[in-house]
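Structure first, then comments.
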Amino acid sequence: MQASVILSTYNSPLWLEKVLWGYFCQTTRDFEIIIADDGSGPETADLIQRLAAQSPVPLRHMWQRDAGFRKCRILNKAALHAHTDYLIFSDGDCIPRADFVATHVTQREAGRYLSGSYYKLPMITSHAINRDDIEQQRCFSKQWLYRHGLPRWRKTLKLSAGPRLAPLLNRLTPARCNLKGSNASVWLNDLLQVNGYDERMPWGGEDREFGVRLVNAGVRPKHVRYNAICIHLDHARGYVDPGRVAANKQLREANERDRVQHTEFGISQLLQAGYQPDAEG
């Protein structure tokens, strides 16, 4: 296998099912899927068990008990369970286009991490997508999306840029090449070098802080914004805490300023506390 796709999720089985359908129809099958589950209930476990029997690639479920937002910890655990040396990170609410995994694999380079993006859908469009729409790739067509609730004023260049235009747009985009946990990839050794995600951090920029430490360690970012495409299904965001988001930003900015590479609250501390890669919880 060439890559391990790590998908974060929490109690969103309807969206996760659509996302997994997207991975089942990738142009390559030389990868595995690890579900990084931050404490979902049995409905999610039942879904994964059912779909694992249908999956054309290895599909595993890494679960920890629900003790509040601990996404960084379950991502670190999932990384320890990877059977490959290259990790693709995304979320259980982001449906990948059929060439998503192949793009990350073909664009990877030593000493680089890849930074993509997502195309956000409204709720009505998110609900309209079914399995056939994903398998036939209709849901990545702007005309199909318009017919199913996407406002026509929304920019669609991320979806419509073809293989010739996408590399040019990746070079010319003014968007900062920050690491985005919904669409990013990194070598496992580079992740271990900076000790993974900082497990102190709740929701709000925890992925970007991880990318800052990678850059400080000499891992340069590379855009795949216009060729590694996924669409983001809408959902409520009751977990957002502005105070914690501000604290995360303060930590990230301090690490960027001080050139911090290594967190003391990551994978090595997880292992020192007794976590075994074949354990759960």
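One table, with the values for the structure above:
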{"quantity": "Mean Cβ neighbour count within 10 Å, used as a protection proxy, ranking 1-10, 187-196 highest first", "calculated": "1-10, 187-196"}
{"quantity": "Under 5 Å, built H, 5+ apart or other chain: amide partners of residue 112", "calculated": "220"}
{"quantity": "Cα gyration tensor, the stretch 1-140 - rounded (a/c under 1.5), prolate or oblate", "calculated": "rounded"}
{"quantity": "Bridge type composition, the chain - antiparallel percent by DSSP, nearest 5", "calculated": "30"}
{"quantity": "Unpaired by the 4.7 Å Cβ criterion, cysteines found in the chain", "calculated": "25, 72, 139, 177"}
{"quantity": "Most mobile of 228, 78, 67 in a GNM of the chain (Cα contacts under 10 Å)", "calculated": "67"}
{"quantity": "Listed residues 80, 16, 157, most fluctuating in the chain (Gaussian network, C-alpha, under 10 Å)", "calculated": "157"}
{"quantity": "The stretch 100-168 shape via C-alpha gyration tensor axes, a/c threshold 1.5", "calculated": "prolate"}
{"quantity": "Scaled radius of gyration (Cα, divided by 2.2 N^0.38 Å) that the chain gives", "calculated": "0.95"}
{"quantity": "Relative contact order for the chain, counting Cα pairs under 8 Å that sit 6 or more residues apart, in percent", "calculated": "25"}
{"quantity": "Gaussian network model of the chain, Cα within-10 Å springs - most flexible of 216, 76, 183", "calculated": "216"}
{"quantity": "Overall form of the stretch 212-260 per C-alpha gyration tensor (a/c, 1.5; a/b vs b/c)", "calculated": "oblate"}
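Quick note: the coordinates plus some simple rules give every number you see, no bench work behind them. All values derive from a computational prediction rather than experimental measurement. Cβ atoms come from the backbone with ideal geometry, glycine included; neighbour counts cover every protein chain shown.
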